[in-house]
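The values are calculated or read from the model by the stated rules, or taken from the named source; none is laboratory data. Keep in mind that this is a model prediction, so the values were computed, not measured. We place every Cβ from the backbone using ideal geometry, glycine too, and count neighbours over all the protein chains shown. Remember, those area values only see protein heavy atoms, side chains included, never the ligands or the DNA or RNA. Shrake-Rupley method; radii C 1.70, N 1.55, O 1.52, S 1.80 Å.
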Amino acid sequence: MAEIVLDGVSKRYPDGTTAVHDINLTIADREFVILVGPSGCGKSTTLNMIAGLEEISSGELRIDGERVNERAPRDRDIAMVFQSYALYPHMTVRENMAFPLTLAKLPKPEVAAKVGHAAQLLDLTALLDRKPANLSGGQRQRVAMGRAIVRDPKAFLMDEPLSNLDAKLRVQMRTSIARLQKRLGTTTVYVTHDQTEAMTLGDRIVIMYSGVVQQVGPPEELYDRPANLFVAGFIGSPSMNLLPAQVRDDGLHTIIGVIPHRSRGLPPEVVAGIRPEAFQDTRIRGGASFTDTVDILESMGAEKIAYFTFETGETGESGGTAFGDGAQVVARLDPKSRAREGEPATLWYDPAAVHIFDPDSGVNLTA
Amino acid sequence: MKLRWGFIDVLVILYALIPVLWIVSLSFKDPSTITDGSLLPTKWTLSNYAGIFRNDDFLRGLVNSIGIGLISTFVAMVFGTMAAYAIARLAFPGKRLLIGFSLLIAMFPQISLVTPLFQIERSLGLFDTWPGLILPYITFALPLTIYTLSAFFKEIPAELERAAKMDGATPFQAFWKVIVPLAVPGMVTTAILAFIFCWNDFLFAISLTSTSAARTAPATISFFTGSSQFEDPTGSIAAAAVVITIPIVIFVLFFQRRIVAGLTAGAVKG
């Protein structure tokens, strides 16, 4: 169990590119922290620096208050689960899980006991004598987890551990990992590019983009108060509608009409952000509305997703292509909604739920 | 289509094997029928084999061949494995130079080295000794082992080493306990190739030896004489040629079970 502190940690490559820029992050003992972002944002590099697989260019990494920058991975006492699982193919499941313990020169009965315990925890007891080649993807994933938990390390690092599983298994393993982490209470850093995984798993989420931390906070906070345009667009599915707007005295002029809003203190041009789930097709008192033809309606069972396309003026006397010349607005509606594809619908929203962003810096002006 | 391929296969196999059959046939022929030109010996005899095994020089040559071949192969494998691993995994200054040099050595015409080597080994006292042959064999076997092994090492996912490091292995433990077991098929293949190279060599064996102290089997055969000065030692040469292919066949048969593909299956996704 340990606290991990990243103090101004950066990674620069010899060719001059900066993969990770000045991360300051304190991961508390027993905390489950998610590093999330699109590919190439530096999240895996950050994880590898914590692991010791990549050198830290500047800044300091402390585990339990001790500087570990110069320590080899084996001296940091942290375990890692890899995206590809990286099981040793020439060893059985039992040998795979026992490998860290035999390297640590633990007595044999103790190794057997620990492996047995971990196997029981992960439901691997029946598979202990198989080779990885004879396991399914989910089973391999569990063996990789087993190899990590068997030596009771200070922290777990997980690098997209679920991305090679099919959708159903992924959801199942996601809850298992959450339960396991709660049960063991081990500090965990988890890297993913999937915002759903991030939202459902973590105590706190660190959103990264091109090597820079965009926002750190619990899932609800990132959803309710995104710090900037990137976070707003990344968190939530379908993602937030971001509409360019002109600020006038009567409010924000956008393609969906005028959003009533005080204009004082706002720059002349802003970006208005409305979550798809902020729309509904029943009247809201004091709410604003727009009416347009429903372009596509996806019925998901528990909800309906309606897409509206607005001509932006500059394009399309021909009416646009299938890929939508013009701006699209997405609304997430109640399954009982009467909206029909190809027919006009009127949607209501609360102007107070609108986020306003500076178009140049991307900063959220309402948060 | 299948038939045509089958026909071509048979043709190629015949083309490759007829000379071998011919040598085997010659080795069983009585000296009086050696020149009769028939593929099946008309008068069978084992005297050619009995003769070469009564020849102390040939037995000594076999011992030299096996000893020198195994030692050269072993040393070349030890250094070749380490060098190939470094080339496959690490970025270090001079890497391209190392690869270039080993390629250069592999390409170098060996005949041009014979005279200088002869002079060098004579003044160093290595001439006509085991080390005198082992050293040039290692030199020429190393590029071969480095090239084939680094191709094998590149096939092994780098994430396995990272996993081993995270599991608490030192770099040497990661190499020895994770990488080497997975590279065994490649190492066996390479070792066989290196051994065959040393075993087959005639040029160095004939020019860097002068007595049976270090002369290997192929070179010894060239010193065979008939039982009288008017008799060709054809039968004995054929018998010796058959005998010296046997260790190679045993070597390959013994290890072929280890040369199985797909040993890395299950390491990573898929």
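Observations on the structure shown:
- Residue with peak Gaussian network fluctuation, chain A [Cα springs, cutoff 10 Å], from A:Ser44, A:Ser84, A:Ser337: A:Ser337
- Within the accessible area of the stretch B:1-47 (1.4 Å probe), percent carbon and sulfur: 78 percent
- Taking the charge dipole of the stretch A:325-364 about its Cα centre, with +1 at Lys and Arg Cβ atoms and -1 at Asp and Glu Cβ atoms, the residue from A:Ala327, A:Ala353, A:Gly342 reaching farthest to the positive side is A:Gly342.
- Radius of gyration and maximum dimension Dmax of chain A, Cα, Å: 24.7, 78
- Carbon plus sulfur fraction of accessible area for the stretch A:227-320, probe 1.4 Å, in percent: 48 percent
- Annotated for the stretch A:4-229: lysine pairs at least 8 residues apart or interchain, Cα distance under 20 Å, count 7.
- Cα gyration tensor category, rounded, prolate or oblate, for the stretch A:5-118 with a/c compared to 1.5: prolate
- Helical mean residue ellipticity (222 nm; -39500 (n - 2.57) per DSSP H run of 4+; nearest 500) of chain A: -7000 deg cm²/dmol
- With R₀ fixed at 60 Å, the C-beta to C-beta distance from B:Ile250 to A:Thr17 puts the FRET efficiency at about 0.60.
- With Cα atoms, 0 to 90° folded angle of helix A:93-103 axis to chain A main axis: 70 degrees
- Nearest-20 debye value, chain B charge dipole, Cβ charges on Lys, Arg, Asp, Glu: 960 debye
- Surface/4 of the Cα convex hull for the stretch B:1-47, nm²: 3.8 nm²
- Residues A:Val258 and A:Asp358, FRET efficiency given R0 of 22 Å [Cβ-Cβ distance, rounded to 0.05]: 0.65
- In the stretch B:55-265, taking the dipole from charged Cβ atoms about the Cα centre, the farthest positive-side position among B:Leu144, B:Val243, B:Ala86 is held by B:Ala86.
- Sequence-ordered 3J(HN,Hα) estimates for the stretch A:40-55 from the Karplus curve with 6.51, -1.76 and 1.60 and θ = phi - 60° stand at x, 8, x, 5, 5, 4, 4, 4, 5, 5, 5, 5, x, 7, 10, 6 Hz, glycine and proline given as x.
- Charged-residue dipole, Cβ positions (Lys, Arg, Asp, Glu), the stretch A:239-357 about Cα centre, Debye nearest 20: 600 debye
- Extending 7 Å from the Cα toward the beta-carbon at both B:Ser47 and B:Ser222 defines two label points whose distance is 2.9 nm.
- About the Cα centre, charge dipole magnitude for the stretch A:4-229 (Lys/Arg +1, Asp/Glu -1 at Cβ), debye: 880 debye
- Chain A: angle of helix A:167-184 to the longest principal axis, Cα-based, in degrees nearest 10: 60 degrees
- The residue among A:Pro226, A:Val68, A:Val216 whose Cα reaches farthest toward the positive pole of the charge dipole of the protein assembly as shown, with charges on the beta-carbon of Lys, Arg, Asp and Glu, is A:Val68.
- Rounded to whole Hz, the Karplus (6.51, -1.76, 1.60) HN-Hα couplings of the stretch A:282-291, x for glycine and proline: 10, 5, 10, 5, x, x, 9, 8, 9, 10
- Rounded D (µm²/s) - the protein assembly as shown, Kirkwood Rh over Cα pairs, Stokes-Einstein at 20 °C, 1.002 mPa s: 69 µm²/s
- Computing FRET efficiency as 1/(1 + (r/R0)^6) for B:Leu124 and A:Lys182, where r is the C-beta to C-beta distance and R0 is 56 Å, gives about 0.20.
- Hits among lysines - C-alpha to C-alpha of B:Lys29 under 20 Å, sequence gap 8 or more where chains match: B:Lys43
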